[in-house]
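Below is one structure, written out as structure tokens, with a few remarks after it.
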Amino acid sequence: KQEVTQIPAALSVPEGENLVLNCSFTDSAIYNLQWFRQDPGKGLTSLLLIQSSQREQTSGRLNASLDKSSGRSTLYIAASQPGDSATYLCAPANDYKLSFGAGTTVTVRA
Amino acid sequence: DAGVTQSPTHLIKTRGQQVTLRCSPISGHKSVSWYQQVLGQGPQFIFQYYEKEERGRGNFPDRFSARQFPNYSSELNVNALLLGDSALYLCASSLLENIQYFGAGTRLSVL
């Protein structure tokens, strides 16, 4: 069974600071990994998808890395803004399903 | 283009009742998955359907069932509701093993 851990559970930073969100997973037999953003009471918004053969994926201020063999992924958000405040979830995909941790709740202070 | 749509948005039921949640995938997507998200936790996988066949089932009791229709829309049914079934139910569609796109969810409250 895939177990996903995200550290830290919560993070509060001043506007402009770079964010580093960590994700670890126990089963490395994944075919991709997605990072999502979730605003309170809302659905999930896909931010990035990294295929298992990739080491890195970038979209605007977001950059995600993947080390499949060690079961780790990191999401970097550059120059954070108050609008980045949300819960961020990583989800490795294997056996046709996504597995989620509890997420990292980010607060960016203006 | 329309994203994944779920209905209803909110639902209030009492213990022992039955509920049906609906999901319409993005046009062209043949795979639909269902997840349950209890407050404060990450989503938990319930079912995946592809081409109207069940491809996978998570660790949920038989009270949970689903089906997919010829137009690839899907329904999730939960019988004999318990208080612990109160959650946000999320539907996702994808081109099989590719990016999964989620709907806004259905908030179910069981009293």
What does the C-alpha gyration tensor say about the overall shape of segment A:52-110? Classify as rounded when a/c is under 1.5, otherwise prolate if a/b is larger than b/c, or oblate.
oblate
Which ³J(HN,Hα) values in Hz, rounded to whole numbers, follow from the phi angles of segment A:6-12 under the Karplus curve 6.51 cos²θ - 1.76 cosθ + 1.60, where θ = phi - 60° and Gly and Pro get x?
10, 10, x, 6, 8, 8, 10
Out of A:71, A:58, B:33, whose Cα points farthest toward the positive end of the dipole of the protein assembly as shown (charges: +1 Lys, Arg; -1 Asp, Glu; placed on Cβ)?
B:33
For chain A: rounded, prolate or oblate by the Cα gyration tensor [a/c cutoff 1.5]
prolate
Partner shielding of A:97-110, as the mean number of partner chain Cβ atoms within 10 Å, equals 3
Using a Förster distance of 41 Å, how high is the FRET efficiency between residue B:12 and residue B:57, based on the Cβ-Cβ distance and rounded to 0.05?
0.95
Alpha-carbon centroids, segment A:61-88 and segment B:1-78: separation in whole Å
28
Fewest to most neighbouring Cβ within 10 Å: what's the order for A:11, A:21?
A:11, A:21
Please report the relative contact order for chain B, taking Cα pairs under 8 Å with a sequence separation of at least 6, and give it as a percent rounded to a whole number.
37
Rounded, prolate or oblate: which one fits chain B, using the alpha carbon gyration tensor with axes a ≥ b ≥ c (rounded when a/c is under 1.5, else prolate when a/b beats b/c, else oblate)?
prolate
Just rank A:23, B:91, fewest to most, by other beta-carbon atoms within 10 angstrom.
A:23, B:91
Which net charge results when you count Lys and Arg as +1 and Asp and Glu as -1 among the other residues whose beta-carbon is under 14 Å from that of residue B:88?
0
What FRET efficiency comes out for the pair residue A:31/residue A:10, r = Cβ-Cβ distance, R0 = 30 Å, nearest 0.05?
0.50
Contact order relative to length of chain A, as percent, for alpha carbon pairs under 8 angstrom and 6 or more apart:
37
How many partner chain Cβ atoms sit within 10 Å of a residue's Cβ in peptide B:100-106, on average, as a whole number?
5
In chain B, what % of DSSP beta bridges are antiparallel (nearest 5)?
90
For the residue pair residue A:76 and residue A:18, what label-to-label distance in nm results when each label sits 7 Å from Cα along the Cα-to-beta-carbon direction?
0.5
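Quick note: the coordinates plus some simple rules give every number you see, no bench work behind them. A quick note: this is a predicted structure, and the numbers were derived from the prediction, not measured. Heads up, the Cβs are rebuilt from the backbone with ideal geometry, glycines too, and the neighbour counts pull from every protein chain shown.
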